[in-house]
Amino acid sequence: MPQKEVRVRIAPSPTGSLHLGTVRTAFYNYLFAKKNKGKFILRIEDTDQQRNKDEYTKEILDGFKWLKINFDEGPYYQSERLDLYKKIGQKLLDEGKAYQCFCTQEELDELRKIQRAAKVPEKYDNRHRSLTEEQKKKLVAEGKKSVIRFKLPDNTDIKWNDEIRGHISVNTNDLGGDPVIMRADGIPLYNFAVVVDDGDMKINYVIRGDDHLHNTAKQIPIFQALGYEVPTFAHAPLIFTHDREKLSKRKHGDIANIDKYQREGYLPEALANYLVHMSWTKPDRPEIEIFKIDEVIDQFDLGRISKSSAVYDLTKLNWFNNHYIKEKSLEEMFDMSKKFLEKELNLSLYPKEQVLQMIDSVKAGLNKLDEIPGLIKFFFDDKFDLSSGENQKIISTESAKKIFDNVLKAIDSINFQNQADCKKTIDNIGKELSLKGKDLYWPLRVALSGSNKGPDLGLIISLLGKEKVKARIEKVLKVLV
Ligand code: GLU
């Protein structure tokens, strides 16, 4: 157990919706903080005024809340801390650890062009590192704007022992030249603001995606220049798709963002389990895949996060979701799926008790809650398609017609209150006609529900009730004539 109070953070940028990868990283931070009885901090990195949107900030906050990821501090907003970055940027300038760079975009483009032609790595050549006061004055007088760049040590291996990836070493010559830390308009760039904040907020473990490895190599010298203790780093693998592409909204659409899962009726505990399990397994029984994350806090260990990239697999997520759906009571399911049900169905047609029975009848096969209305819709109206190839074949046989006739004849004797009795009436009709199994049930299923699959036939008949059963069978007989 670390000596000092553990302080970790998640620092999303509101330039898009809440990404699955960010959520997974948040869970790892959450587990690590809880295990070490430390603090988990939320910081919104909203300095990119062009790409930030308030609605994304809201989605991020709502998303974490929905996932029951609670924070001990924050949200802190970088946009409210601009004075601090300015002050510290100035301090680095005064101490000669940073410098003003007056290069224009055209000059930088020109430099890149030359480097590309010479087939050498493209990078800033630190040309304004040692401008004299005289030169600076001249450039200012010419109206040139300046950014602040941090002086990286030359040709130095930046090394750290990563809690997930082990020993890492990156040479400063491979970091693209001295990084800009503050734009001409006084807005800090990520690598600077993140260090100021991690230092100021006393973050001692930085757990984030491994797309930040090179940033870490830039950030360590900045931590040192500012006199902050360098945190311990843990870089978790990113999420890829089966075709080995980084999971992204731009390429893969909605599946990359948490709001899709929120919208479609995934349970937060399923997502938590799925995302944590993607790269982390239990040490005692790694074969156990199902776990609530609050139950594995004591077993959590950064060292057990795999180095290899995680692969997004919707079938697997659905399997987790199906498991957690089945754990819910019918009342809970009703409450959770009410918004989906109300949108598509006129719930007032049935007493709640019966709607619960309908939900119960489809519960075992659900991937997600928004599938429920489609599966039980036939209870509410008969707008299903009888003429599709399969359905037409099933209802248009000689024996099907006989079944329908006999059900109509027996309709007054059916005890609709009782699911088993309803089924028994059908079985008796089957006996009379020497029909059973799908020859007996499928025509009725199709006539009453528009599908040869679905809930128990006795339940369908019992819940539909006499009037609807009669009307639907009469309708089919008419279609057949
Ligand atoms: N705002 C950064 C991002 O969203 C944070 C990365 C970090 O954790 O340092 O990628």
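The values are calculated or read from the model by the stated rules, or taken from the named source; none is laboratory data. A quick note: this is a predicted structure, and the numbers were derived from the prediction, not measured. Reconstructed Cβ throughout: ideal geometry from the backbone, glycine too, with neighbour counts over all protein chains shown. Just so you know, the surface numbers come from the protein's heavy atoms only, side chains and all, with ligands and any DNA or RNA stripped out. Shrake-Rupley method; radii C 1.70, N 1.55, O 1.52, S 1.80 Å.
Any residue that is open to solvent by less than 50 Å² (accessible area, probe 1.4 Å), small (Gly, Ala, Ser) and out of contact with any Leu (no Cβ under 9 Å at 6 or more places or on another chain) - is there at least one of those in the stretch 96-103?
Yes, because at least one residue in the stretch 96-103 is open to solvent by less than 50 Å² (accessible area, probe 1.4 Å), small (Gly, Ala, Ser) and out of contact with any Leu (no Cβ under 9 Å at 6 or more places or on another chain).
Across the stretch 125-139, what is the number of residues that are open to solvent by 90 Å² or more (accessible area, probe 1.4 Å) and either among the aliphatic types (A, V, I, L, M) or assigned to a loop (DSSP other than H, G, I, E, B) (or both)?
2
Out of ILE168, ILE203, I need the residue that is open to solvent by less than 30 Å² (accessible area, probe 1.4 Å), more than 11 Å from the ligand (Cβ to nearest atom), under 24 Å from PRO237 (Cα atoms) and not in a helix (DSSP H, G or I). Which one?
Matching residue, one of ILE168, ILE203: ILE168.
I'm checking my understanding of the structure. Among residues of the stretch 181-200 that are open to solvent by 40 Å² or more (accessible area, probe 1.4 Å) and more than 31 Å from the chain's Cα centre (by Cα), which one is nearest to THR22 (Cα to Cα)?
My answer is ARG183.
Looking only at the stretch 52-73, which residues are modelled with pLDDT of 95 or more and surrounded by 15 or more Cβ atoms within 10 Å (Cβ to Cβ)?
Hits for the stretch 52-73 are TYR56, THR57, GLU59, ILE60, LEU61, GLY63, PHE64, TRP66, LEU67, ILE69, PHE71.
Say whether the condition of being open to solvent by less than 50 Å² (accessible area, probe 1.4 Å), within 30 Å of ASP210 (Cβ to Cβ) and not charged (D, E, K, R) is met by at least one residue in the stretch 324-343.
yes
Search the stretch 6-20 for residues that are more than 16 Å from PHE71 (Cβ to Cβ) and more than 11 Å from the ligand (Cβ to nearest atom) and pair each with any residue that is open to solvent by 10 Å² or more (accessible area, probe 1.4 Å) and assigned to a loop (DSSP other than H, G, I, E, B) when their beta-carbon atoms are under 8 Å apart and the residues are at least 6 apart or on different chains.
Between residues of the stretch 6-20 that are more than 16 Å from PHE71 (Cβ to Cβ) and more than 11 Å from the ligand (Cβ to nearest atom) and residues that are open to solvent by 10 Å² or more (accessible area, probe 1.4 Å) and assigned to a loop (DSSP other than H, G, I, E, B), the close pairs are LEU20/TYR312.
Working carefully through the options ASP439, ASP412, ASP456, find the one that is open to solvent by 50 Å² or more (accessible area, probe 1.4 Å), closer than 21 Å to VAL355 by Cα and of a type in the set (Asp, Glu).
Exactly one residue qualifies, and that residue is ASP456.
Based on what the data block shows, is LYS113 away from the ligand (no atom under 16 Å from the Cβ), touching a Gly at 6+ places or on another chain (Cβ under 7 Å), over 30 Å from ILE305 (Cα atoms) and not in a loop (DSSP other than H, G, I, E, B)?
no
Considering every residue within the stretch 176-199, establish whether at least one is away from the ligand (no atom under 14 Å from the Cβ), free of Cβ contacts under 8 Å to residues at least 60 places away in the same chain and part of a strand (DSSP E or B).
No - not one qualifying residue is present in the stretch 176-199.
I need the full set of residues from the stretch 42-51 which are within 11 Å of the ligand (Cβ to nearest atom) and either crowded, with 18+ Cβ neighbours inside 10 Å or over 28 Å from GLY186 (Cα atoms) (or both), in order please.
ARG43, ILE44, GLU45, ASP46, THR47
Considering only residues that are assigned to a helix (DSSP H, G or I), closer than 30 Å to LEU175 by Cβ and more than 14 Å from the ligand (Cβ to nearest atom), look in the stretch 215-261 and name the one that is most open to solvent (accessible area, probe 1.4 Å).
ARG250
In the stretch 362-382, what residues are open to solvent by less than 40 Å² (accessible area, probe 1.4 Å) and assigned to a helix (DSSP H, G or I)?
VAL362, LYS363, LEU369, ILE372, PRO373, ILE376, PHE378, PHE379
Take the residues of the stretch 21-41 that are of a type outside the set (A, V, I, L, M, F, W, C) and within 11 Å of the ligand (Cβ to nearest atom): which is least open to solvent (accessible area, probe 1.4 Å)?
ASN29
Can you say whether TYR350 is open to solvent by less than 50 Å² (accessible area, probe 1.4 Å) and closer than 20 Å to ALA364 by Cβ, as far as the supplied structure shows?
no
For ASP385, indicate whether it is touching a helix residue (DSSP H, G or I) at 6+ places or on another chain (Cβ under 8 Å), open to solvent by 30 Å² or more (accessible area, probe 1.4 Å) and modelled with pLDDT under 95.
yes
Name, by its number, the condition in (1) in contact (Cβ under 8 Å) with a residue 12 or more places away in the chain; (2) part of a loop (DSSP other than H, G, I, E, B) that does not hold for GLY74.
It fails just one condition, (2).
Restricting attention to the stretch 143-150, does a residue exist that is open to solvent by less than 40 Å² (accessible area, probe 1.4 Å), within 14 Å of the ligand (Cβ to nearest atom) and among the basic types (Lys, Arg)?
no
Please go through the stretch 1-58 and pick out each residue that is among the acidic types (Asp, Glu) and outside any helix (DSSP H, G or I).
GLU5, GLU45, ASP46, ASP48
Got a number for residues in the stretch 262-313 being touching a Lys or Arg at 6+ places or on another chain (Cβ under 7 Å), under 21 Å from LYS65 (Cβ atoms) and open to solvent by 50 Å² or more (accessible area, probe 1.4 Å)?
Count: 0.
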